[in-house]
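Below is one structure, written out as structure tokens, with a few remarks after it.
The values are calculated or read from the model by the stated rules, or taken from the named source; none is laboratory data. Keep in mind that what you see is a predicted model, and the values were worked out from it rather than measured. Using ideal geometry, Cβ is built from the backbone for each residue, glycine included, and neighbour counts are taken over all protein chains shown.
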Amino acid sequence: MPSYPVANIDLTALQYNLQRVKQLAPQSRVMSVIKANAYGHGLVQVAQAIPGSDAFAVARLSEALRLREAGIQQPIVLLEGVSSEDELQTAAEKSLSIVFHHLSQLELLTKAPLSQPLAFCWLMVDTGMQRLGIDAAHVDQALQGLSQSENIIGPVGLMSHFANADLVNDSRNQQQLNKILICAKNDNAVAISMANSAAILSFSGSHGDWVRPGLMLYGVSPFEGQSARNLDLKPVMTLTSRLISIQQVKAGEQVGYGGDWVAQREVCVGIVSIGYGDGYSRQLSNVGSVMINNKTASVLGRVSMDMIAVDLSDINTVSIGSEVILWGNESLAVEDVAKQAKTIPYELLCQISERVKREYQRG
Ligand SMILES: *Cc1c(COP(=O)(O)O)cnc(C)c1O
């Protein structure tokens, strides 16, 4: 008896989406972004399934170390860089690549006696998001410092991140791009990396030397109101569970914690084995929906830690053990569920907890 819930991960779809990236940005190399457990899809399995990535990017050192332990050989970029000499030394030993986003990290580099130099490093420039990155005014000096450091070999690229790439044709995107292009002007050879999924899909002028797709690799649209199918992306994750109980609830009876849902008439209620303890958002209480036998069933009442209640009124031939799709189905994309939960698909995917078994399939 397989355990439920299960997140089915379609590795063929993942590979297809990487090809889509390459098709859209044929002049660029691809840094596949697999932070946060590859957006919930499984860090190591995803990395192993897309060896056609020219590099991988993660947020933290711990994620990079897991990849190296699993034998991943490609360059691995630490998007948040490092914050101590110890971490810097570990990064050097494991041949990790660092994004320097703050002058304090550059100081760390100057002082550290590293056992081996770092390669394929990046300087993060703040072009308007005010999150990570050094001021454009300091770029020349920082690049010079990096090129003179014995702790670095090879050229250092310029990286920045769009704050509004999901808003197609928003003038702020062009402004951010202009800023990094000005920074690169004094050094024609410097590599540039700006584009996340939304920019890869909608702003070809920003592709530069390296693109950084995350969400689109997983077959999910970064644009509100535009489906993955429309963008020719294939959803990678299907989240499923099972009905573990079915009962008739009489008119006037309350369902779940707090009695937030009250039956207006007699209703057939199914209990599904998934809850916020699995990462199924509690914000789907009373507003979510699931698919059973290709039909939609509404979430009734509050999401519990391990279970949800759903309305089986419109579902035929259902029984205990019937499969329930939480998202990933043609007619119930994670983008739609995110909308119901008043959040973004990124959050729903990342939230899927360790308790949910990942099953990997091809085709
Ligand atoms: C997460 C991240 C990405 C990927 O963004 P998507 O919108 O998922 O494509 C790219 N660059 C940086 C710096 C990131 O933090």
>> Just to verify a result, which residue in segment 15-41, among those that are buried (at least 20 other Cβ atoms within 10 Å of the Cβ) and farther than 23 Å from Ser204 by Cβ, is nearest to the ligand (Cβ to nearest atom)?
In response: Tyr39
> Ser221 is checked against (1) closer than 30 Å to Trp122 by Cβ; (2) modelled with pLDDT under 95 and fails just one. What number does that condition carry?
Replying inline: (2)
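Quick one: in segment 291-338, of everything that is part of a loop (DSSP other than H, G, I, E, B) and in contact with a helix residue (DSSP H, G or I) (Cβ under 6 Å, 6 or more places away or on another chain), which residue is surrounded by the fewest Cβ atoms within 10 Å (Cβ to Cβ)?
First, pick out the residues of segment 291-338 that are part of a loop (DSSP other than H, G, I, E, B): 293-294, 301-307, 312-322, 328, 330-331, 333.
If we keep only those that are in contact with a helix residue (DSSP H, G or I) (Cβ under 6 Å, 6 or more places away or on another chain) as well, we get 302-303, 305-306.
Values: Arg302: 20, Val303: 25, Met305: 11, Asp306: 17.
Among residues in segment 291-338 that are part of a loop (DSSP other than H, G, I, E, B) and in contact with a helix residue (DSSP H, G or I) (Cβ under 6 Å, 6 or more places away or on another chain), the one surrounded by the fewest Cβ atoms within 10 Å (Cβ to Cβ) is Met305.
Please enumerate the residues belonging to segment 174-186 that are buried (at least 16 other Cβ atoms within 10 Å of the Cβ) and closer than 11 Å to Leu143 by Cβ.
Step one: list which residues in segment 174-186 are buried (at least 16 other Cβ atoms within 10 Å of the Cβ), which gives 176-177, 179-181, 183-184.
Result: Cys183, Ala184.
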> Within segment 182-210, how many residues turn out to be out of contact with any helix residue (DSSP H, G or I) (no Cβ under 6 Å at 6 or more places or on another chain), more than 9 Å from the ligand (Cβ to nearest atom) and small (Gly, Ala, Ser)?
Replying inline: 7
> If Asn329 satisfies every condition in (1) within 28 Å of Gly219 (Cβ to Cβ); (2) without any contact (Cβ under 8 Å) to a residue 60 or more places away in the chain; (3) not small (Gly, Ala, Ser) but one, which is the exception?
Replying inline: (2)
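Look through Arg242, Arg265, Arg302, Arg282 and report the one residue that is farther than 30 Å from Lys22 by Cα and touching a Pro at 6+ places or on another chain (Cβ under 9 Å). I'd like the intermediate steps shown before the answer.
Values: Arg265 fails: touching a Pro at 6+ places or on another chain (Cβ under 9 Å); Arg302 fails: touching a Pro at 6+ places or on another chain (Cβ under 9 Å); Arg282 fails: touching a Pro at 6+ places or on another chain (Cβ under 9 Å).
Of Arg242, Arg265, Arg302, Arg282, the one residue that is farther than 30 Å from Lys22 by Cα and touching a Pro at 6+ places or on another chain (Cβ under 9 Å) is Arg242.
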> Going through segment 114-139 one residue at a time, which ones are touching a helix residue (DSSP H, G or I) at 6+ places or on another chain (Cβ under 8 Å), surrounded by fewer than 21 Cβ atoms within 10 Å (Cβ to Cβ) and either among the hydrophobic types (A, V, I, L, M, F, W, C) or assigned to a helix (DSSP H, G or I) (or both)?
Replying inline: Leu114, Met129, Ile134, Ala136, His138
>> Tell me whether segment 145-165 contains one or more residues that are without any contact (Cβ under 8 Å) to a residue 24 or more places away in the chain, within 20 Å of Val211 (Cβ to Cβ) and not in a helix (DSSP H, G or I).
In response: yes
>> Based on this model, can you work out whether Leu233 counts as in a loop (DSSP other than H, G, I, E, B) and crowded, with 19+ Cβ neighbours inside 10 Å?
In response: yes
> Do we find a residue being under 25 Å from the mean Cα position of the chain (by Cα), within 21 Å of Arg29 (Cα to Cα) and in a loop (DSSP other than H, G, I, E, B) anywhere in segment 97-105?
Replying inline: no
> Considering only segment 42-62, how many residues are surrounded by 17 or more Cβ atoms within 10 Å (Cβ to Cβ), within 12 Å of the ligand (Cβ to nearest atom) and not small (Gly, Ala, Ser)?
Replying inline: 2
> Restricting attention to segment 211-230, and to residues there that are over 10 Å from the mean Cα position of the chain (by Cα), of a type outside the set (S, T, N, Q) and in a loop (DSSP other than H, G, I, E, B), which single residue is nearest to the ligand (Cβ to nearest atom)?
Replying inline: Arg212
> For segment 305-348, what are the residues that are more than 21 Å from the chain's Cα centre (by Cα) and charged (D, E, K, R)?
Replying inline: Asp306, Asp311, Asp314, Glu323
> Any residue at all in segment 4-14 that is assigned to a loop (DSSP other than H, G, I, E, B) and aromatic (Phe, Trp, Tyr)?
Replying inline: yes
> Quick one: is Ser273 among the small types (Gly, Ala, Ser) and either crowded, with 20+ Cβ neighbours inside 10 Å or over 32 Å from the mean Cα position of the chain (by Cα) (or both)?
Replying inline: no
> Are any residues in segment 207-246 touching a strand residue (DSSP E or B) at 6+ places or on another chain (Cβ under 8 Å) and farther than 16 Å from His41 by Cα, and if so, which ones?
Replying inline: Gly208, Asp209, Trp210, Val211, Arg212, Ser241, Arg242, Leu243, Ile244, Ser245, Ile246
>> Can you pull out every residue in segment 183-210 that is part of a loop (DSSP other than H, G, I, E, B), farther than 21 Å from Tyr346 by Cβ and among the polar types (S, T, N, Q)?
In response: Asn186, Asn188
